[in-house]
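Here's the structure we're looking at; comments come further down.
The values are calculated or read from the model by the stated rules, or taken from the named source; none is laboratory data. All values reported here derive from a predicted model rather than from experimental measurement. Neighbour counts are summed over all protein chains in view; Cβ atoms, including those assigned to glycine, are modelled from backbone coordinates with ideal geometry.
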Ligand code: DP6
């Protein structure tokens, strides 16, 4: 049979309302919904080919052959694609990131969104956006938010069918910028998957999950009304709540470095002084500074002057995962 190939591009995303903890770890059904924006300047481009001659699935990232856990995760994902389609051959997967690998920017969301689209297409399927988002979720939860365009909400849902992301505003609806301050380039010692599984050991997780619907509503309205201060307040609060859970899990996860905290406090002061900006962190020490595009040019040099800040990556808002 002929080689079947497809390629896709997807962007990473940064969450305003965070995903932390699952009601089903295997299906990646989250305990609470989440909201994010896609990072348009950054992307992963992935090409998938199903071939007769392969004796196992293979994975290359940025030109380098990958083995170990990352390969197993991709193989398990390709297995899901094969079980959904008539394709039963092994595949080669080649991924290229346009952002520095090891910069501590989570790449699994972009990776599995691109792999879901390219893989399902190469296997002969034409998935709807919702179906593709559901599939991406199986590879990495936050990847389901990278499938639709712009501002994306992951509807927690009840089961595999109902847990998926939808776009709540297009990328040109509100021109926000993410200035990502690289605090550490070290790979995280404990990744998200292991972290989610232990979230319930924090005494704060239950109340965080219980109150998430209020913050989701607040965040949705802030985006719809382009109300920056409302978005800033609810996002910072949600981020701190997630990290409070992380820090009180067993064993505890401390992702913040002293410089992360220093930047967060500086940003809060600047906002009090009337500069529209806020900070949010995922499962790592890098700080994402969100601000309107109109102030980002003036803000960036100010951030560069904070002692210890070496590198800032700038991104606008991105569109959906697309075939190329
Ligand atoms: C802290 O989607 O990376 O970034 O499903 O195990 O791949 P897996 O987890 P992942 O978790 C993301 C956690 C977060 C918050 C968020 O992006 O919502």
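Let me confirm something: among 91, 106, 114, 70, which residue is out of contact with any helix residue (DSSP H, G or I) (no Cβ under 7 Å at 6 or more places or on another chain) and either outside any helix (DSSP H, G or I) or farther than 23 Å from residue 11 by Cβ (or both)? So the residue among 91, 106, 114, 70 that is out of contact with any helix residue (DSSP H, G or I) (no Cβ under 7 Å at 6 or more places or on another chain) and either outside any helix (DSSP H, G or I) or farther than 23 Å from residue 11 by Cβ (or both) is 106. Of all the listed residues (186, 88), the sole one being closer than 30 Å to residue 297 by Cα and away from the ligand (no atom under 16 Å from the Cβ) is 186. Restricting attention to the range 269-308, the residues being buried (at least 17 other Cβ atoms within 10 Å of the Cβ), in a loop (DSSP other than H, G, I, E, B) and either out of contact with any helix residue (DSSP H, G or I) (no Cβ under 9 Å at 6 or more places or on another chain) or in contact (Cβ under 8 Å) with a residue 60 or more places away in the chain (or both) number 5. Taking the range 234-261 as the range and being in a helix (DSSP H, G or I) and either outside the structural domain of residue 291 (by TED's automatic domain parsing) or crowded, with 17+ Cβ neighbours inside 10 Å (or both) as the test, the residues that pass are 234, 235, 236, 238, 239, 241, 242, 243, 245, 246, 259, 260.
Is one or more of the residues making up the range 146-168 within 13 Å of the ligand (Cβ to nearest atom), in contact with a helix residue (DSSP H, G or I) (Cβ under 9 Å, 6 or more places away or on another chain), under 20 Å from residue 281 (Cα atoms) and not in a strand (DSSP E or B)? Scanning the range 146-168 turns up at least one residue that is within 13 Å of the ligand (Cβ to nearest atom), in contact with a helix residue (DSSP H, G or I) (Cβ under 9 Å, 6 or more places away or on another chain), under 20 Å from residue 281 (Cα atoms) and not in a strand (DSSP E or B). The requirement of being within 16 Å of residue 32 (Cα to Cα) and without any contact (Cβ under 8 Å) to a residue 40 or more places away in the chain is fulfilled somewhere in the range 223-238, by at least one residue. Restricting attention to the range 15-30, does a residue exist that is closer than 19 Å to residue 85 by Cα and either touching a residue at least 24 places away in the same chain (Cβ under 8 Å) or within 12 Å of the ligand (Cβ to nearest atom) (or both)? There is at least one residue in the range 15-30 that is closer than 19 Å to residue 85 by Cα and either touching a residue at least 24 places away in the same chain (Cβ under 8 Å) or within 12 Å of the ligand (Cβ to nearest atom) (or both).
Yes or no, residue by residue, for (1) in contact with a strand residue (DSSP E or B) (Cβ under 7 Å, 6 or more places away or on another chain); (2) closer than 20 Å to residue 42 by Cβ; (3) in the same structural domain as residue 284 (by TED's automatic domain parsing); (4) touching a residue at least 40 places away in the same chain (Cβ under 8 Å):
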| residue | (1), (2), (3), (4) |
| --- | --- |
| 161 | no, no, no, no |
| 165 | yes, yes, no, no |
| 168 | yes, no, no, yes |
| 181 | yes, yes, yes, yes |
| 190 | no, no, yes, yes |
| 201 | no, no, yes, yes |
| 208 | no, no, yes, yes |
| 211 | no, no, yes, no |
| 214 | no, no, yes, no |
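Is at least one residue of the range 74-86 on the phi > 0 side of the Ramachandran plot and either part of a strand (DSSP E or B) or in contact with a helix residue (DSSP H, G or I) (Cβ under 6 Å, 6 or more places away or on another chain) (or both)? No; the residues of the range 74-86 include none that is on the phi > 0 side of the Ramachandran plot and either part of a strand (DSSP E or B) or in contact with a helix residue (DSSP H, G or I) (Cβ under 6 Å, 6 or more places away or on another chain) (or both).
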